[in-house]
Amino acid sequence: MSELAAFIRGLPKAELHLHLEGSLEPHQMFELAQRNNVDIPFESVEEVRAAYQFNNLQDFLDIYYQGANVLLTEQDFYDMTDAYLMRVAEDGVRHVEVFFDPQTHTDRGVEFSTVVGGIATALKDGRQRYDISSGLIMCFLRHLSEEAAFETLKQAEPYLEKMIGVGLDSSELGHPPSKFARVFEKAKDMGLNLVAHAGEEGPPSYVYEALDVLKIDRVDHGNRAMEDEELVRRLVDQGMTLTVCPLSNLKLCVVDQLTDHPLKEMLRRGLRATVNSDDPAYFGGYVVDNYLAVAEALALDRDHLAQLARNSFTGSFLPTSDQEKHLREIEQYLSGL
Ligand code: HPA
Ligand code: ZN
């Protein structure tokens with residue numbers, strides 16, 4: 001392992017943008033397909049990997065929703081979540097706030113309780129097993145209707161204590177945040193934190209809508225905010241956290257090459273950017289791989305990397321006292337080098 005990789009790995013950090021369904025590795029997809037007798041259109045793990053070539057977000061989503069078909073039982077959701085936690089425990093990850101997409105499963109006839117039950121139990125067990133604290137964020141699929149999102153929020157009511165927030169994902173273009181204004185208002189009234197994917201493929205106006213109409217607490221991606229000076233200033237002034245995903249941006253052609261990635265400029269402008277993996281099984285890397293790839297492409301130094309790690313805790317929904325504990329751990333790590 002290079003010195004830089006070892007430094008990043010040892011840095012205490014949180015992951016704030018991770019879709020659990022996107023952590024399902026090809027070998028696990030085969031295992032579950034076999035266990036559940038589900039047909040998948042691939043013969044081998046190599047064939048699956050070869051199919052993971054995307055020109056845009058929709059290309060990816062088409063194959064990602066297909067991959068989720070192997071998830072049927074509470075044990076499947078448990079195993080997927082546990083595998084992710086076990087993997088990132090090696091990477092110095094101390095806290096995670098993870099997404100799941102209930103509609104991807106309930107629309108296939110899997111019960112909401114099966115999905116949440118498996119995930120929430122694995123997260124709870126992971127607090128002891130891996131010493132990783134966690135929060136669960138339920139995402140609405142934005143290509144589906146407002147009515148379907150309301151129905152999903154209603155299904156979540158008995159499980160609210162297992163969730164810290166709601167989010168918005170799936171096909172961004174043509175599905176602006178304002179489509180879900182009333183659902184987000186209701187979720188806020190229910191005491192949930194609010195996040196939304198905005199400015200991944202969508203224009204700066206979608207980021208404005210996420211702020212002004214949805215009243216979100218954190219922006220997922222946010223890359224295209226960089227096209228609008230006034231928006232950047234506003235995000236800086238509000239201390240808004242952006243959950244940036246470099247390898248995802250590369251794989252989905254949001255940037256042509258990592259050397260074009262806006263992360264360093266985001267930090268220079270004072271934006272509270274964080275680094276995350278999004279869908280690691282599909283985009284070729286977990287959180288440390290993302291830090292490392294973008295550090296090498298943009299010549300980030302240790303100060304940049306430490307700032308990204310600090311941002312991951314200050315941008316989390318942890319209570320301030322817990323955030324401070326993690327920030328002290330970062331300073332201890334840096335001073336012990
Ligand atoms: N964008 C939108 N929807 C998603 C993503 C993403 O990056 N990953 C999983 N669902
Ligand atoms: Zn995402």
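The values are calculated or read from the model by the stated rules, or taken from the named source; none is laboratory data. A quick note: this is a predicted structure, and the numbers were derived from the prediction, not measured. Please note: Cβ atoms are built from the backbone with ideal geometry, for glycine as well, and neighbour counts cover all protein chains shown.
General remarks:
- Failed item, numbered, when Gly284 is tested on (1) farther than 15 Å from Gly222 by Cβ; (2) within 16 Å of ligand 2 (Cβ to nearest atom); (3) surrounded by 22 or more Cβ atoms within 10 Å (Cβ to Cβ): (3)
- Index of the failed condition, Gln103 passing every other in (1) in a helix (DSSP H, G or I); (2) surrounded by 15 or more Cβ atoms within 10 Å (Cβ to Cβ); (3) away from ligand 1 (no atom under 16 Å from the Cβ): (3)
- Taken over the range 1-21, the criterion of being touching a Ser or Thr at 6+ places or on another chain (Cβ under 8 Å) and part of a strand (DSSP E or B) is satisfied by Lys13, Ala14, Glu15, Leu18.
- Residues of the range 174-221 that are within 11 Å of ligand 1 (Cβ to nearest atom) and within 19 Å of Gln103 (Cα to Cα): His175, Ala196, His197.
- The condition of being among the charged types (D, E, K, R) and more than 14 Å from Tyr282 (Cβ to Cβ) holds for only one of Glu31, Glu21, that being Glu31.
- Within the range 3-16, the residues that satisfy the criterion of being surrounded by fewer than 17 Cβ atoms within 10 Å (Cβ to Cβ) and in contact (Cβ under 8 Å) with a residue 60 or more places away in the chain are Leu4, Ala5, Gly10.
- For His19, the requirement of being within 16 Å of ligand 1 (Cβ to nearest atom) and without any contact (Cβ under 8 Å) to a residue 60 or more places away in the chain is not met.
- Pairs, first within 16 Å of Leu85 (Cβ to Cβ) in the range 107-136, second in a loop (DSSP other than H, G, I, E, B) and modelled with pLDDT of 95 or more, C-beta under 7 Å, six or more apart: Gly126/Ile132; Gly135/Ile164; Gly135/Phe317; Leu136/Met163; Leu136/Ile164
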